[in-house]
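Everything below concerns the one structure shown next.
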């Protein structure tokens, strides 16, 4: 996370909204052999107190039991050229949004996996309207049973939320907007979304 407090003043509610909308993050835990990382879809509770997810049974993280963990969620990002500000003596930078959900990851009882899978798929499918949502009844019992044997349910109880919204807030508004107008000429991920966030300040 960027240490400058000007980039870390967003509300927890805004950070949680972005994390909930993203619904995918990098789960990270410490381990004797070095850090373990896994990219996971997750379902964030409405109050932001927990994130439910599943791991494939063969994932090394799934064998650790209860452990301190972080889910890092990446928002839009882009390189910002100093030329785009329209003023002298600037340096290159990278603007981005990132959220870290920190807490304790614990396994849930295996029998809760069907409910978690149903909740996750319902949440994700609801965003595909007007499509008729996919449900588990579309799977044969044999395939569903085999699939459920391969995955295990987990919950991250969230104890701390850190976020960085690095959007050029250390620049004057007109300078920040000038750079936002040029982002589409460059590269990054969801540069249009980042440009809009930079305009909001």
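The values are calculated or read from the model by the stated rules, or taken from the named source; none is laboratory data. Model, not experiment: these values are computed from the prediction. Neighbour counts run over all protein chains shown; Cβ positions are idealised from the backbone, glycine included.
Of these, 119, 127, 146, which one is surrounded by fewer than 19 Cβ atoms within 10 Å (Cβ to Cβ), in a helix (DSSP H, G or I), more than 24 Å from the chain's Cα centre (by Cα) and at negative phi?
On the way: 119 fails: more than 24 Å from the chain's Cα centre (by Cα); 127 fails: more than 24 Å from the chain's Cα centre (by Cα).
The match here is 146.
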Subject >> segment 163-182, residues that are surrounded by 23 or more Cβ atoms within 10 Å (Cβ to Cβ) and assigned to a helix (DSSP H, G or I) >> reply: 179, 180
Original post:
Can you tell me which residues in segment 165-179 are touching a strand residue (DSSP E or B) at 6+ places or on another chain (Cβ under 9 Å) and within 13 Å of residue 84 (Cβ to Cβ)?
Top reply: 168, 179
**OP:** Mind counting the residues in segment 183-198 that are under 22 Å from residue 87 (Cβ atoms) and surrounded by 15 or more Cβ atoms within 10 Å (Cβ to Cβ)?
**Re:** 7
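Residues checked against (1) in contact (Cβ under 8 Å) with a residue 24 or more places away in the chain; (2) under 29 Å from residue 197 (Cβ atoms); (3) touching a strand residue (DSSP E or B) at 6+ places or on another chain (Cβ under 8 Å):
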{"residue": "74", "(1), (2), (3)": "yes, yes, yes"}
{"residue": "86", "(1), (2), (3)": "yes, yes, no"}
{"residue": "91", "(1), (2), (3)": "no, yes, no"}
{"residue": "98", "(1), (2), (3)": "yes, yes, yes"}
{"residue": "101", "(1), (2), (3)": "yes, yes, yes"}
{"residue": "108", "(1), (2), (3)": "yes, no, yes"}
{"residue": "112", "(1), (2), (3)": "yes, no, yes"}
{"residue": "116", "(1), (2), (3)": "yes, no, yes"}
**OP:** Test residue 160 against the stated conditions and say whether it is touching a strand residue (DSSP E or B) at 6+ places or on another chain (Cβ under 6 Å) and within 22 Å of residue 18 (Cα to Cα).
**Re:** yes
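If you go through segment 13-23 one residue at a time, how many are surrounded by fewer than 14 Cβ atoms within 10 Å (Cβ to Cβ) and under 18 Å from residue 74 (Cβ atoms)? Break it down into steps so the answer makes sense when it comes.
At the first step, the residues of segment 13-23 found to be surrounded by fewer than 14 Cβ atoms within 10 Å (Cβ to Cβ) are 13-14, 21.
Adding the requirement that they be under 18 Å from residue 74 (Cβ atoms) leaves 14, 21.
Residues that pass the stated criteria total 2.
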Subject >> Where residue 7 falls short, out of the listed (1) without any contact (Cβ under 8 Å) to a residue 60 or more places away in the chain; (2) crowded, with 16+ Cβ neighbours inside 10 Å; (3) more than 13 Å from the chain's Cα centre (by Cα) >> reply: (1)
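Residue 132 - would you say it is modelled with pLDDT under 95 and out of contact with any helix residue (DSSP H, G or I) (no Cβ under 6 Å at 6 or more places or on another chain)?
Working: modelled with pLDDT under 95: yes; out of contact with any helix residue (DSSP H, G or I) (no Cβ under 6 Å at 6 or more places or on another chain): yes.
Answer is yes for this residue.
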